[in-house]
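Following: one structure in structure tokens, then a few remarks.
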2 protein chains.
Amino acid sequence: MARKTGSHSEITGPRVRAAALKLFARHGFAAVSMRQIAAEVGVQAGALYLYTKDKQSLLYDLMQAHMDELLSAWAAQPKADDAVSRLEAFARFHIQFHLERPDAVFIAYMELRNLSDENFAAIEALRRRYEGELEAILQAGQAEGVLSAPDIRLTTMALIAMLTGVNTWYRDGGRLSRDAVADIYWDMVRGAVGA
Amino acid sequence: MARKTGSHSEITGPRVRAAALKLFARHGFAAVSMRQIAAEVGVQAGALYLYTKDKQSLLYDLMQAHMDELLSAWAAQPKADDAVSRLEAFARFHIQFHLERPDAVFIAYMELRNLSDENFAAIEALRRRYEGELEAILQAGQAEGVLSAPDIRLTTMALIAMLTGVNTWYRDGGRLSRDAVADIYWDMVRGAVGA
DNA sequence: CTATGATTTGAACGACCGTTTAGTTATCAA
DNA sequence: TTGATAACTAAACGGTCGTTCAAATCATAG
């Protein structure tokens, strides 16, 4: 056997990435074999190498795409004039974006250690850029005198950790809607910085 | 060669657990081989099986010990009368305890998916117990009318995520002491629940 | 000093790993 | 309809995996 009927790289390519995303999120990068990914796609292991240089690149590409999407989605948000409104927008955006793609988020936070040194540096830089967005808001709020953050970096990390944590417990169809969850988190964020 | 001079199970046993803790935290359970752990201990792979039934038990034992220590350390804390003081004690305890043992914390949060079903259930129960401690404090505070938490479970998860996040960025010898960090986190916790 | 048990080695087991390659079949433009 | 090329299989590569076990050496009680 060889090429299968109806096979096209524009179809198989995305399916490879989707399968890898799903399996990496469920079992972890190191615990998932190329053969498992191939089986999920419905293909033999060798065929994967038409779509990725190697396993490491597959992980990196997923993370890269996720971080790019995160940054560009935030950049596309409307920018309010005052810091408190921008902080609210950030909180709501962060929660909505993360709830939308739990697998990618999970991988981006858990598989950093499985990246090669160069790949890690690249992803880390993107993450820092995102954190910088929140930092800038807090800095502005401090300057405006509308919130208090004794240590901007600490507050940034604390708020991001709190917000990202929503993915560890929230499930659709539970007692709270996504909007209700975002409302409560925003209240907590506001309280935490005294705004 | 066979038995080495000066070999004793009371020495090698702890060294096996210490090596596993360190390597699992650095590279992840699935990415670490029994031979790597053995090399860290200075022993051949086969010798590890005098100290653990298998690799899975090694992971489980580490997690179990960590969760037991967490729960008993919290239980040993003095209990204040009012909810706000108990909340402050919890926040400070959580940060101090987690900063003290970053490797164990990291494993306990990251390697849950590598546990067998039964082992996962056991660890999850312990984690729930710990979360229940914070939940009870929030519940009491709500009853006392000294804080506001629209959804106790959400607030519990949000606060724990925020506090645990300290391990992702804090390093000893930086610009803030552990106590200073705890002070700021406690201020944020208090603000987040409007206390 | 001896004998018993504790501790470890070294080799081996079958299974699975990521990756490469030659060969085969489907697609599609001309 | 043909020929080129895209997509895939099947098999194989050397290596590593977790785990077991007989044999060897050390510690120690009597």
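Determine if the range B:42-61 includes at least one residue that is polar (S, T, N, Q), touching a helix residue (DSSP H, G or I) at 6+ places or on another chain (Cβ under 7 Å) and without any contact (Cβ under 8 Å) to a residue 40 or more places away in the chain. Looking through the range B:42-61, at least one residue is polar (S, T, N, Q), touching a helix residue (DSSP H, G or I) at 6+ places or on another chain (Cβ under 7 Å) and without any contact (Cβ under 8 Å) to a residue 40 or more places away in the chain. With the requirement that a residue be out of contact with any Leu (no Cβ under 8 Å at 6 or more places or on another chain) and within 11 Å of chain A (Cβ to nearest Cβ), what does the range B:170-181 give you? Hits for the range B:170-181 are B:G174, B:R175, B:A180.
Scanning the range B:28-47 for residues that are crowded, with 19+ Cβ neighbours inside 10 Å and within 7 Å of DNA strand D (Cβ to nearest atom) yields a total of 1. For the range A:1-36, which residues satisfy the criterion of being aliphatic (A, V, I, L, M), near DNA strand C (Cβ under 8 Å from one of its atoms) and more than 14 Å from chain B (Cβ to nearest Cβ)? Across the range A:1-36, the qualifying residues are A:M1, A:A2, A:M34.
Annotation note: of B:E124, B:E88, the sole residue that is touching a residue at least 60 places away in the same chain (Cβ under 8 Å), part of a helix (DSSP H, G or I), among the acidic types (D, E) and not assigned by TED's automatic domain parsing to the domain that holds B:A18 is B:E88. At positive phi and away from chain B (no Cβ under 14 Å): is that true of A:G46 in this structure? Spelling it out, it is not the case that A:G46 is at positive phi and away from chain B (no Cβ under 14 Å). Examine the range A:129-138 for a residue that is surrounded by fewer than 21 Cβ atoms within 10 Å (Cβ to Cβ), within 12 Å of another protein chain (Cβ to nearest Cβ), more than 20 Å from B:I152 (Cα to Cα) and of a type in the set (K, R), and state whether such a residue exists. Among the residues of the range A:129-138, not one is surrounded by fewer than 21 Cβ atoms within 10 Å (Cβ to Cβ), within 12 Å of another protein chain (Cβ to nearest Cβ), more than 20 Å from B:I152 (Cα to Cα) and of a type in the set (K, R), which makes the answer no.
Only residues that are without any contact (Cβ under 8 Å) to a residue 60 or more places away in the chain, part of a helix (DSSP H, G or I) and not aromatic (F, W, Y) were counted in the range B:169-195, giving 8. Examine the range B:4-19 for a residue that is under 26 Å from A:Y109 (Cα atoms), part of a helix (DSSP H, G or I) and not charged (D, E, K, R), and state whether such a residue exists. Yes. For the range A:147-161, the criterion of a residue being part of a helix (DSSP H, G or I), within 18 Å of A:I95 (Cα to Cα) and either not aliphatic (A, V, I, L, M) or not assigned by TED's automatic domain parsing to the domain that holds A:Q77 (or both) is satisfied by at least one position.
Apart from one condition, B:I152 fits all of (1) surrounded by 15 or more Cβ atoms within 10 Å (Cβ to Cβ); (2) more than 8 Å from chain A (Cβ to nearest Cβ); (3) under 28 Å from A:R128 (Cβ atoms); the exception is (3).
Set side by side, the residues A:A104, A:A80 differ, and just one is assigned to a loop (DSSP other than H, G, I, E, B) and of a type in the set (A, V, I, L, M, F, W, C), which is A:A80. From the list B:T164, B:T168, B:T155, the lone residue that is touching a His at 6+ places or on another chain (Cβ under 8 Å) and polar (S, T, N, Q) is B:T164. Note on the range B:127-146: residues that are outside any helix (DSSP H, G or I) and in contact with a helix residue (DSSP H, G or I) (Cβ under 7 Å, 6 or more places away or on another chain) total 1. Any residue in the range A:66-89 that is of a type in the set (S, T, N, Q), surrounded by 15 or more Cβ atoms within 10 Å (Cβ to Cβ) and either touching a helix residue (DSSP H, G or I) at 6+ places or on another chain (Cβ under 7 Å) or over 24 Å from B:A158 (Cα atoms) (or both)? Within the range A:66-89, not a single residue is of a type in the set (S, T, N, Q), surrounded by 15 or more Cβ atoms within 10 Å (Cβ to Cβ) and either touching a helix residue (DSSP H, G or I) at 6+ places or on another chain (Cβ under 7 Å) or over 24 Å from B:A158 (Cα atoms) (or both).
The values are calculated or read from the model by the stated rules, or taken from the named source; none is laboratory data. Since this is a predicted model, take the numbers as computed values, not measurements. A quick note on method: Cβ atoms are made from the backbone with ideal geometry, for glycine too, and the neighbour counts reach across all protein chains shown.
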